[in-house]
1. For residue 191, are the conditions met, namely being modelled with pLDDT under 75 and in a helix (DSSP H, G or I)?
2. So which pairs qualify, if the first residue must be in the range 69-96 and farther than 19 Å from residue 55 by Cβ, the second must be assigned to a loop (DSSP other than H, G, I, E, B), the Cβ gap must be under 7 Å, and the two must be at least 6 apart or on different chains?
């Protein structure tokens, strides 16, 4: 399954020698082969780091999440069945580790989207907001921001999000709907503030 490359998430398998080599390396590492474990970690770290940075941005939180994700990969190797690529499996582990860090350290936004006026006739939200997406997402309720980021920034489907976030499809749909509403309201509000400032300078 391909993912958006807008946040640097690798689309191909982790190993240069293909899925079969990845599976063999994972089996050796799961069996306790120290060399295989080191080689596997070296191979998957870029994928883990890209996933955590996609969720958390560049910084210490992403590095902490990457380290935890690497531990989770090693612990989870006995469960890897190669039904998905090693890259996709590790990407999911990286996202989950990043979400744990985000939920433990990021403050919850005070704004409630249901209190914001809906924008009549608004065009569908695009997959990304150039230059300001993360800042906008940080300004809305975090569960909604996470859903929008994973759906539009990383390309997860709604059923995949329900599984990843361990909730129902309807809950994910609700978070996406409310998140888009809050995001549009935030963008509209900031546009009005910027326009007011420009008008003040020109008067």
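1. For residue 191, the condition - modelled with pLDDT under 75 and in a helix (DSSP H, G or I) - is met.
2. Taking only residues 6 or more apart or on different chains, the pairs are 85/13; 86/13; 86/14; 86/15.
The values are calculated or read from the model by the stated rules, or taken from the named source; none is laboratory data. Model, not experiment: these values are computed from the prediction. Here Cβ is always computed from backbone atoms with ideal geometry, including for glycine, and neighbour counts include all displayed protein chains.
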